[in-house]
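Asks: Have a look at this one before I ask anything.
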Amino acid sequence: MSSLQQYIDLYRDNHEALDRGSAPLLNAMRPAALKALEGARLPDTCDERSQYTSVEQMFAPDYGVNIARVNIPVDIAATFACNLPNLSTLMGIVVNDFFTPTSTLVNRLPQGVIFDSLRKVATEHPDIIEKYLNKIAPQTDSGVALNTLMMQDGVVIYVPQHVELAKPLQLVNIFSSPTPLMAARRLLIILEDGAKADVVVCDHTQDDAQQYLASQVTEISLGRDASLGLYTLEEASLRTSRYAQTYVKQHDNSRLNHHYAALATGVTRNEFTVDLIGEHAESLLTGMAIGMDREHIDCNTAINHRVARCHSNQVFRYVMGGTSEGVFDGGIVVTPEAPYTVAYQSNRNVLATAEARMHSKPRLEIYNDEVKCSHGATIGQLNEEALFYMRSRGIPAAEARVMLMQAFMADVIDTVGLESLRDRLRHLVEMRFSGQAATCRRCSEPTDN
Amino acid sequence: MDKELDKENLDEKPDTSQNKAEHPDDIIHEVTGSEYKYGFTSDIDTDIIPVGLSEDVIRLISAKKEEPEWLLEFRLKAYRKWLTMKMPTWAHLDIPPIDYQAISYFAAPKKKDGPKSMDDVDPELIKTFDKLGIPLEERAALTGMAVDAVMDSVSVKTTHREKLAELGIIFCSFSEAVRDYPDLVKKYLGTVVPPTDNYFAALNSAVFSDGSFVYIPKGVRCPMELSTYFRINAAGTGQFERTLIVADDDSYVSYLEGCTAPMRDENQLHAAIVEIIIEHRAEVKYSTVQNWWAGDKEGKGGIYNFVTKRGLCRGDHSKLSWTQVETGSAITWKYPSTILKGESSVSEFYSVAVTNNYQQADTGTKMIHLGKNSRSTIVSKGISAGHSQNSYRGLVKVAPKATGCRNYTQCDSLLLSSICGAHTFPYIDVLNDSSVVEHEATTSKISEDQIFYCNQRGISTEDAVALIVNGYAKEVMNKLPMEFAVEAQKLLAVTLEGSVG
Amino acid sequence: MEYTDNDMSDNLLLDVKDLHASIEGKEILKGINLQVRPGEVHAIMGPNGSGKSTLSEVLAGDPAFTVTGGEVDFHGMDLLSLSPEDRSHEGLFLSFQYPVEIPGVSMVNFMRAALNAKRKYFGEDPMSAGDFLKLMRQKRAIVELDNKLASRSVNEGFSGGEKKRNEIFQMAVLEPRLSILDETDSGLDIDALRIVAGGVNKLRSDDNSTIVITHYQRLLDYIKPDFVHILYNGRIVMTGGPELALELEERGYDWIKEAN
């Protein structure tokens, strides 16, 4: 039996309660989702696009779903006491799938900008939801349909035309539950023409012993000349599974700078699909993964050049230790309608222990000849020559190794558009490589730099 | 029988002399004057069994070849497995449905007994291979190449056998090997490509008709190039040949494979298996120039080329080099692969794949590193023109215990039209922390500056393309044995004819 | 630790005895004997492939080489038993013939890590950021190293001359007791050579020593050696004063090859 069935059954048995905890506009989307799930299945290792990660298995265990919307208290201060100490943001918090704005967020959000609960926005601004929600992600996809079926709330970030946000928005996702829990999370980011924003999203878990599963669907629409910096940090526990699907549509001359950092996790599968549908759009997709213990980190990208003169670049770096397993499956598709495309991809990986594993699959599909495309992938070790050079200058081997691993991540971190976040990432990476737990909530002091 | 004989082309023997390079014009003329020069059919009395596939057909094939019981069992087992399998769909290919019941699985030039000497071989047949430039006559000993010629389903003649036998080298048709060296065949058959390996391998294992068998004994360097020439002639037939090469300790052999087929409107199926076993310190060079009929400019007809080629570097310090120039076939599905089992074993894969018009190719290699300190190199040059789709697909896998391994892959695509496709699908799996795998790929179009430069020096655009493409593929072409290199160079040009507008 | 070969009376800084070393099973050093006292400058010359670079790398502790015999005493310590970083702390510095590029590691972080590791080794506190930057500025001046280079990744995108100057700059910061300059002159034009040699000379004192490994006499016009050794086929086959280098320049290496 497919693991989807238990959610379909759950929906059939509880759809009234589920609808009660949500908004009519969202409820109206469920029947179509249910239909899409008929006979569908989640990606499994027999699928070409998911050879090393079974989403099916991630969803197989019996997680609880908080349909009745019982309030679960969470000690936010304890969960991320020193998160981004030098970064001033406007923050919203999602506990499981409940959205709570912070007081600064409510008071200081510029006119017309929305950073709020999906459920609320669906009632207050149905036009936005009708125009964008489930219009960017493919409705036939089983993961998206499952999320639509089960979601009760979510987060909407909406920036009107020509509004440039001075302060980054920060969305903190926290898992907290006394029993194993699955949460269907939704994020809709709309930047209208000429809008500009930076968004930081970080995932945390309240309790390392508990099992959590996140179904995360993110839809992003970037209007003409819009510019979005999106920085996703995963700092979850080893018992957390995450199936994150991000879909982006970019119009003319829009810019996307998306960085994903897998700092700590259990099993994570990330699908990034970017459709470049306006000329001169630029997309930069970067990722870094630090694998330890038995972590499983999978990034699956598809950048689709659908019109002429767009520019895309993908840079992914993995350092895998312990018995962890890394997967990078990176795609570039250049359609016949997309001449003068420039598309690059680079995936470099270091295996730091004998039991760590890495699978890399960089793909190019090119259907016209006016393109500049290349990809490169390496799997190897730290440069022994550099290690000796550093030791010969007196730097102890362990420290030299950490410095080299940090350096290995340096060009990815350098792509992050917020300086204080860059500093923070460097610090977190250093801590992680030094063998210390790098999750924000455990580091007691801000960095000394 | 169709007769599409092009008199001019028939009289013209492929010229393998080296002085051609001094007169590029000659090559160009030759090239532009001929489309597919091997598209003739030969009027040979052929024994074809009725179309269709069943256990009875397999028994019939086995009986016709007077095979031992174990081989019939091998076939039937493969057939039963095949019935449960589905055609693979992962390749970047659009394969029309194939009616396996509409194919005849056995066609042989008629003969009373096997040819004992050259005089017993059907003169038409000798003429056919003469047209192809294949030296069947012993007087062709001067060319220094031993040839096994396979027409449709059977091997018709193997040359130089006696000379090779003096060194203990066995080079004969597969059927003869089954009859004369059953123990050797039984020992190695299906050990590298199991009958159930994949859909087409299972089909081949069920119905394979003939092919070549090579055995190089311990310590022997084969003094001449061994070559098999494959030719599909009869209409409505498929070709399912099987090649088995065994290189014992410290031996060396260079093996060439060439293929052509007549021009026909229908699609014909070719599903072959090549198995190579390489023992300690032995080396095998396997070169292919694949020039099956590719179909016409509208994409009508052409061979479906679904081939499983795999070598096992079983011994320490063994080496296998694959070189392929793929210009023909309507659809190519082919991944010559190496299992690097021996410590410090080495494998190379050098490939040029050219597609034009409506051709589709999904080709590459697999390098499976099982032995410590094994090394592999992959150089792939894909050239697509017209409406064609050309994909590189390759796997580099390093097993947990295969420490200290090294792979370097360079994989380039050249696009010659705005409507063709060039795709790259590398799979890299590394399961230990002392191996290094590197993959690089680029995609580019043919440089207009280079073409203009040639134009300015009086070289036509079409000739310039041929020149530039040959230069682009040089790294691979240089790996071919001399006899094939010139031929392959001309083939590239012919394939790309009319590709730049 | 016990020092069995501590010959204080002779006041040796470095004492190499019958050193054998190999790489991938191939023996490169076949019994090297060399003694260096404080304040001395030794030149080691020899044709390509004679083992000059191997000697310097073995002394610095490159794990690519295996020491198969002999011993090395470094001011009373068993050098071969020390890790590469401890050899550095104890005052051995190798100016590499081909300094490796380390993308992503800035020169500042690199030098700070090196200097503080040394201070820690001797039980000192890390240097303050201010003091460190002051030191860097001061030492940069010795080899006229551009400030811009110091802010870049280690050796990345440096020209040949800049790399060599960067080596001497690091030497200035780490203040070694024994500096081994491995073909520091190779690939340098005359101006760069003058700057590099000038830097080396500024750093010379009665306490520290220098081993100059070179193929040509040219560098020795700037850094005057007390002794010249000729290394050939893994052994020191001849030792003399500065005049030996001049003689070599005149007669070439074939003379050595014939004699051996």
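The values are calculated or read from the model by the stated rules, or taken from the named source; none is laboratory data. Predicted model only: the values in this text are computed from it and were never measured. Because the Cβ atoms are built from the backbone with ideal geometry, glycine has one as well, and the counts that use them run over all protein chains shown.
Asks: Can you go through B:Thr323, B:Thr363, B:Thr332 and tell me which one is touching a residue at least 12 places away in the same chain (Cβ under 8 Å), closer than 18 Å to B:Asp296 by Cα and outside any loop (DSSP other than H, G, I, E, B)?
Replies: That would be B:Thr332, the only listed residue that is touching a residue at least 12 places away in the same chain (Cβ under 8 Å), closer than 18 Å to B:Asp296 by Cα and outside any loop (DSSP other than H, G, I, E, B).
Asks: Scan region A:303-320 and give yes if some residue there is over 22 Å from the mean Cα position of the chain (by Cα) and over 20 Å from A:Ile277 (Cβ atoms), otherwise no.
Replies: There is no residue in region A:303-320 that is over 22 Å from the mean Cα position of the chain (by Cα) and over 20 Å from A:Ile277 (Cβ atoms).
Residue-wise test of (1) of a type in the set (D, E, K, R); (2) touching a residue at least 40 places away in the same chain (Cβ under 8 Å); (3) facing chain A (nearest Cβ under 9 Å); (4) in contact with a His (Cβ under 9 Å, 6 or more places away or on another chain).
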| site | (1), (2), (3), (4) |
| --- | --- |
| B:Lys401 | yes, no, no, no |
| B:Ser413 | no, no, yes, yes |
| B:Tyr427 | no, no, yes, yes |
| B:Asp433 | yes, no, yes, no |
| B:Ala485 | no, no, no, no |
| B:Ala488 | no, yes, no, no |
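Asks: Quick check on region C:42-54: of everything there that is crowded, with 16+ Cβ neighbours inside 10 Å and farther than 20 Å from C:Val200 by Cα, which residue is farthest from the other protein chains (Cβ to nearest Cβ)?
Replies: Here the residue is C:Pro47.
Asks: Hey, does region C:153-170 have a residue that's farther than 29 Å from A:Asp411 by Cα, within 21 Å of the chain's Cα centre (by Cα), within 14 Å of chain A (Cβ to nearest Cβ) and free of Cβ contacts under 8 Å to residues at least 40 places away in the same chain?
Replies: No, region C:153-170 contains no residue that is farther than 29 Å from A:Asp411 by Cα, within 21 Å of the chain's Cα centre (by Cα), within 14 Å of chain A (Cβ to nearest Cβ) and free of Cβ contacts under 8 Å to residues at least 40 places away in the same chain.
Here is a yes/no grid of residues against (1) crowded, with 24+ Cβ neighbours inside 10 Å; (2) closer than 27 Å to A:Asp153 by Cβ:
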{"position": "A:Ala214", "(1), (2)": "yes, yes"}
{"position": "A:Val217", "(1), (2)": "yes, yes"}
{"position": "A:Ser227", "(1), (2)": "no, no"}
{"position": "A:Glu234", "(1), (2)": "yes, yes"}
{"position": "A:Arg239", "(1), (2)": "no, yes"}
{"position": "A:Ser254", "(1), (2)": "yes, no"}
{"position": "A:Leu276", "(1), (2)": "yes, no"}
{"position": "A:His280", "(1), (2)": "no, no"}
{"position": "A:Ser283", "(1), (2)": "yes, no"}
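Asks: Can you confirm whether A:Arg393 is under 24 Å from the mean Cα position of the chain (by Cα), at the interface with another protein chain (Cβ under 7 Å from one of its Cβ atoms) and crowded, with 21+ Cβ neighbours inside 10 Å?
Replies: In short, no.
Asks: Please list, ordered by first then second residue, the pairs with beta carbon atoms under 6 Å, 6 or more apart or interchain, first in region C:55-76 and more than 14 Å from chain A (Cβ to nearest Cβ), second part of a helix (DSSP H, G or I) and not aromatic (Phe, Trp, Tyr).
Replies: Taking only residues 6 or more apart or on different chains, the pairs are C:Val67/C:Leu80; C:Val72/C:Leu79; C:Val72/C:Leu80.
Asks: Quick one: would you say A:Gly331 is among the small types (Gly, Ala, Ser), touching a residue at least 24 places away in the same chain (Cβ under 8 Å), under 18 Å from A:Thr265 (Cα atoms) and not in a loop (DSSP other than H, G, I, E, B)?
Replies: Criteria not met by A:Gly331.
Asks: Among the residues of region C:88-108, write down those that are in a helix (DSSP H, G or I) and either in contact with a Cys (Cβ under 7 Å, 6 or more places away or on another chain) or facing chain A (nearest Cβ under 7 Å) (or both).
Replies: Within region C:88-108, C:Ser88, C:His89 qualify.
Asks: Still on this model: Output the helices (runs of 4 or more DSSP H) that fall wholly within region A:90-150 and possess 1 or more residues being closer than 18 Å to A:Thr218 by Cα, or say none.
Replies: A:118-124, A:126-132, A:142-150
Asks: A further question on this structure: Could you grab me the full set of residues in region A:350-389 that are within 7 Å of chain B (Cβ to nearest Cβ), assigned to a loop (DSSP other than H, G, I, E, B) and either more than 17 Å from A:Val319 (Cα to Cα) or among the charged types (D, E, K, R) (or both)?
Replies: Listed by number, the residues that qualify are A:Tyr367, A:Asn368, A:Asp369, A:Glu370.
Asks: Among (1) in contact with a Leu (Cβ under 7 Å, 6 or more places away or on another chain); (2) more than 14 Å from chain A (Cβ to nearest Cβ); (3) under 25 Å from B:Gly364 (Cβ atoms); (4) modelled with pLDDT under 85, which single condition is B:Cys454 missing?
Replies: (3)
Asks: Out of all the residues in region B:435-450, is one or more within 30 Å of B:Lys297 (Cβ to Cβ), in contact with a helix residue (DSSP H, G or I) (Cβ under 7 Å, 6 or more places away or on another chain) and surrounded by fewer than 20 Cβ atoms within 10 Å (Cβ to Cβ)?
Replies: Scanning region B:435-450 turns up at least one residue that is within 30 Å of B:Lys297 (Cβ to Cβ), in contact with a helix residue (DSSP H, G or I) (Cβ under 7 Å, 6 or more places away or on another chain) and surrounded by fewer than 20 Cβ atoms within 10 Å (Cβ to Cβ).
Asks: Right, another one. Test B:Lys366 against the criterion of being farther than 18 Å from B:Thr323 by Cα, modelled with pLDDT of 95 or more and within 14 Å of chain A (Cβ to nearest Cβ), and give yes or no.
Replies: Considered against the rule, which asks whether it is farther than 18 Å from B:Thr323 by Cα, modelled with pLDDT of 95 or more and within 14 Å of chain A (Cβ to nearest Cβ), B:Lys366 comes out as no.
Asks: Scan region B:435-451 for residues that are within 24 Å of B:Gly382 (Cβ to Cβ) and more than 7 Å from chain A (Cβ to nearest Cβ) and jot them down.
Replies: Result: B:Ser444, B:Ile446, B:Ser447, B:Glu448, B:Asp449, B:Gln450, B:Ile451.
Asks: What is the one condition in (1) at pLDDT 95 or above; (2) away from chain B (no Cβ under 14 Å) that A:Asp293 does not satisfy?
Replies: Condition not satisfied by A:Asp293: (1).
Asks: From the list C:Lys30, C:Lys26, pick out the single residue that is more than 14 Å from every other protein chain (Cβ to nearest Cβ), surrounded by fewer than 22 Cβ atoms within 10 Å (Cβ to Cβ), more than 29 Å from A:Ala400 (Cβ to Cβ) and among the charged types (D, E, K, R).
Replies: Going through C:Lys30, C:Lys26 in turn, just one is more than 14 Å from every other protein chain (Cβ to nearest Cβ), surrounded by fewer than 22 Cβ atoms within 10 Å (Cβ to Cβ), more than 29 Å from A:Ala400 (Cβ to Cβ) and among the charged types (D, E, K, R): C:Lys30.
Asks: Which helices (runs of 4 or more DSSP H) sit wholly inside region C:130-218 and have at least 3 residues that are surrounded by fewer than 16 Cβ atoms within 10 Å (Cβ to Cβ)?
Replies: C:190-203
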